[in-house]
Amino acid sequence: MADREALRDFQRRLAGRLQAAPAEGVKASWLAVRAGRGRFLVPLAQAGEIFPEAVVHPVPYTQPWFLGVASLRGALHGVVDLARLPMTRGAPVPGPLAEVAQAQGAEPQWVTFSPALEVQCALRVDQLAGLRGSEAFTALGAPPQGVPDGLGGTLQDADGAQWQVLDLLRLSQQPHFLRIGA
């Protein structure tokens, strides 16, 4: 129980740091998240607010990865399950990260797109993994041929873990992302 409370406190502090980062000049470049079996780095400039999982209203006849719509601060947002989005299923990280996150008491969070992108969307992620600077990673190369637009290169951290760059702007412009109808 103490671990679960500690994790919730960490997630609250992280959300606060994310909101304060632009004002304080924090040198973080990425919001690190885990979804399903994948580890993803979202450019901090493209990430909006972080919300705890809230009430989502399902929309009939949509793709399984589109969870529905939710009211966040009075605005309707489409909610997408990042782990179930077809383009992210082949993420390079093995292992049941979602199950590990649940075992550690992590609660799913929603990361909205930055208002500058003008996309009313939130991604459901299994776990927030913190703010990271570019200096914490080494590039493993450009994305291989055939990688869907929206996924960038793979980066490796000091522990040897691989992280996939997720470009929210490019993702939001992809036809498969825009077609939520089943």
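Would you call GLY78 modelled with pLDDT of 95 or more and in a strand (DSSP E or B)? Yes.
Here ALA70, ALA2 are screened, and the one residue that is out of contact with any Asp or Glu (no Cβ under 7 Å at 6 or more places or on another chain), over 30 Å from ALA139 (Cα atoms) and either at pLDDT 95 or above or surrounded by 18 or more Cβ atoms within 10 Å (Cβ to Cβ) (or both) is ALA70.
Restricting to region 115-135, name every residue that is within 19 Å of ARG34 (Cα to Cα), outside any strand (DSSP E or B) and in contact with a strand residue (DSSP E or B) (Cβ under 6 Å, 6 or more places away or on another chain). ASP126, the sole residue that qualifies. If the Cβ limit is 6 Å and pairs must be 6+ apart or interchain, which residue in region 32-43 that is closer than 19 Å to SER134 by Cα pairs with which residue that is open to solvent by 10 Å² or more (accessible area, probe 1.4 Å) and among the charged types (D, E, K, R)? Once the first residue is closer than 19 Å to SER134 by Cα and sits in region 32-43, its partners that are open to solvent by 10 Å² or more (accessible area, probe 1.4 Å) and among the charged types (D, E, K, R) give ALA32/ARG132; ARG34/ASP126.
Of (1) modelled with pLDDT of 90 or more; (2) in contact with a helix residue (DSSP H, G or I) (Cβ under 6 Å, 6 or more places away or on another chain), GLY105 satisfies all except one. Which? Among (1) modelled with pLDDT of 90 or more; (2) in contact with a helix residue (DSSP H, G or I) (Cβ under 6 Å, 6 or more places away or on another chain), the lone unmet condition for GLY105 is (1).
ALA142 fulfils the conditions (1) open to solvent by less than 60 Å² (accessible area, probe 1.4 Å); (2) in a loop (DSSP other than H, G, I, E, B) except for a single criterion, (1). Checking every residue in region 158-177 against the condition of being touching a residue at least 24 places away in the same chain (Cβ under 8 Å), assigned to a loop (DSSP other than H, G, I, E, B), within 16 Å of ALA45 (Cα to Cα) and of a type in the set (Val, Ile, Thr) gives zero matches.
The values are calculated or read from the model by the stated rules, or taken from the named source; none is laboratory data. In this text, all values refer to a predicted model and were calculated from it rather than measured experimentally. Using ideal geometry, Cβ is built from the backbone for each residue, glycine included, and neighbour counts are taken over all protein chains shown. Protein only, heavy atoms only, side chains kept; ligands, DNA and RNA dropped before computing areas. Shrake-Rupley method; radii C 1.70, N 1.55, O 1.52, S 1.80 Å.
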